Each structure stands twice: as C-alpha cells, then as structure tokens.
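This report refers to the structure that appears directly beneath it.
The values are calculated or read from the model by the stated rules, or taken from the named source; none is laboratory data. All values reported here derive from a predicted model rather than from experimental measurement. Positions of Cβ are generated from backbone atoms using ideal geometry, with glycine treated the same way; all protein chains shown enter the neighbour counts.
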Amino acid sequence: MARVPLLPLAALLLLSACSSAALAASFDQDFDITWGDGRGKIHDNGQLLTLTLDRTSGSGFQSKHEYLFGKIDMQLKLVPGNSAGTVTAYYLSSQGDAHDEIDFEFLGNVSGEPYTLHTNVFTRGQGQREQQFRLWFDPTADFHTYSILWNPKHVIFMVDDLPIRDFKNNEARGVAFPKTQPMRLYSSLWNADDWATQGGRVKTDWSHAPFAASYRGFRADACVAVAGGRTRCGASVGTEGAGAAAAGGWYNQELDLTRQQRMRWVQRKYMIHNYCTDPKRYAQGLPAECSMQQ
C-alpha cells in the first residue's frame, strides 16, 4: 500500500491530546478522501462513506488526525459477489521507511468462497507478523465492526467485539513494539490480483466492476497528536502510565481470562495462517515473540 512521504523532523515533534468524544464521528469532518478521482464518496450527511474500484483506479481515504494509542472502531460492509483480486485495507500507519503499522486487510474471493482476513503488525518498518483468518459470517451481507485497541502494552484486534489477536508489548524481552510514533487511520479499495486471491491464481473479473465497500460508525476513543509542547493525556509521546486516567479505560485494558479463551477459540477454529508456525520464512529462527504466547 502507498506510503506517505517522510515529514521533516520538526513536524514529527508531536504531542497527544486525548479525544473525549465517544460518539460516532462524521466522515466529512474526520476524514479526507485522498485518491480515486471521485470514486470515494461521503453520503448521508457524513454518516456513510463508500469506496469503489474499477479497471482504471481504486480509491482511499485517511483520517485528518494522527493517534498515539486508542480504541478505533469502524463498521465495514465488504465487496459482495465475486470479489476475487480485490483488497479492502483498513489500517493505522505512521510515516517513513521506519514506520509503525497495524493492519486489517480483507482479501476477496470468487463468489461463494469466504474472504480472508489478514492482520499484521509493523514496528520500525519491520513486519512479517501475519495472521490470517476466515470470517464466521458473510462480511458482505451487512455491516460488522472491526476494532483496534492499541495501548502501551497491547495491540488487540477485534471483530464485533470478539478478540481475534493480541500482540503484546514484550520490549523487556527484546521484541519491538509500536508505541512512539503517532499513526493516521487509512483505508483503501484496490486491485491486487497478482497476489490477493489464492496467491494470484484467481484474477479480477472486471465484468463485475465497479466493486464497492461501505463504511459507517467510526469511533475513535483515542489520544490525538497535535503540534505543541504538552499533552492533555498527562504523558509525553512515547511514555507510559501517566495518561491512563485522562485517556480512559482502554489505556490499561487487557484481555481477561474469559476473553482470552474466546480469542483462543477463534484462533483454533478460524485461523488459517500464523507466522509463528511458518519457520521456512525465517532463516535465523522464528521471531522471539513466538515463544511468548502471542
């Protein structure tokens, strides 16, 4: 996916201000449609956004704010029918080659076959932490909520409030964790038929174009990066702990035993790929976190 050019160092001296709004936001107030030459549209007084893809171009948008920790929710309804070759990406990312990133990507398939939900975590430009799932419902029939809970100790991926993945902060054991770079929220719908569906064996059928994905119900209970020298969350960018009270319960949230069990159930039943069980990819051995019950 396209990267935003690296900003000058001075522009990266950001601070975080905690967002107190918990209500669903307005797309026209909180997002910019950044590419697609009109293929991305905002409807219903800012409450609905659609992206489309045709043979000429896809489309995408990004948040006007950058976030440093938060709970981000978005309701998506994915491309219906024969979506083979298409990818709907929904992710947080910072800027530059040494960027941090937290990914949801939805890989389309031929009619009647399930979507693949692809997740990944990048820290300082290093990714290769893919876990993939089959969804247990039809994500094209209705809207479902896809959430990222990102705090100083966890990155938790959730689907309809059901946790599917918990990437923990194991910095004390030598594992890099994304916690110092503010990230903007991005989404795009694009053609990736060279790899997306069955390793690129199934190509996009343009007779079904234009393809469309829909978005609503965006919520960001998060700390927002702003220019300046202080933070309302009570902590400097990249520090831990002091911002908890101002930020809200998500700042220290982790999975209790019941939710850990639910996550393990999802992983046993619906996970189809886990980087920690793919040793052929790592000449020097599996990443350290793979022995830490990620």
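Taking Gly200, is it loosely packed, with under 15 Cβ neighbours inside 10 Å, farther than 24 Å from Arg262 by Cβ and not charged (D, E, K, R)? Judged against the criteria, Gly200 is a match. Quick one: in region 109-123, of everything that is of a type in the set (S, T, N, Q) and in a strand (DSSP E or B), which residue is modelled with the lowest pLDDT? Among residues in region 109-123 that are of a type in the set (S, T, N, Q) and in a strand (DSSP E or B), the one modelled with the lowest pLDDT is Thr123. Restricting to region 171-213, and then to whatever is touching a helix residue (DSSP H, G or I) at 6+ places or on another chain (Cβ under 6 Å) and at pLDDT below 95, can you tell me which residue is nearest to Thr50 (Cα to Cα)? Only one residue tops the list, namely Asp194. Would you confirm whether or not region 88-105 contains a residue that is over 18 Å from Ile156 (Cβ atoms), buried (at least 23 other Cβ atoms within 10 Å of the Cβ) and among the β-branched types (Val, Ile, Thr)? Yes, because at least one residue in region 88-105 is over 18 Å from Ile156 (Cβ atoms), buried (at least 23 other Cβ atoms within 10 Å of the Cβ) and among the β-branched types (Val, Ile, Thr).
Within region 129-146, the set of residues being out of contact with any Pro (no Cβ under 8 Å at 6 or more places or on another chain) and either β-branched (Val, Ile, Thr) or closer than 15 Å to Ser93 by Cα (or both) comprises Thr145 only.
Leu68 falls short on exactly one of the conditions (1) at pLDDT below 95; (2) not in a strand (DSSP E or B), and that condition is (2).
Only one entry in Gly248, Gly241, Gly234 is touching a helix residue (DSSP H, G or I) at 6+ places or on another chain (Cβ under 7 Å), at pLDDT below 75 and within 16 Å of Asn151 (Cα to Cα), namely Gly234. Scanning region 166-180 for any residue that is within 21 Å of Gly81 (Cβ to Cβ), of a type in the set (A, V, I, L, M, F, W, C) and not in a strand (DSSP E or B) turns up nothing.
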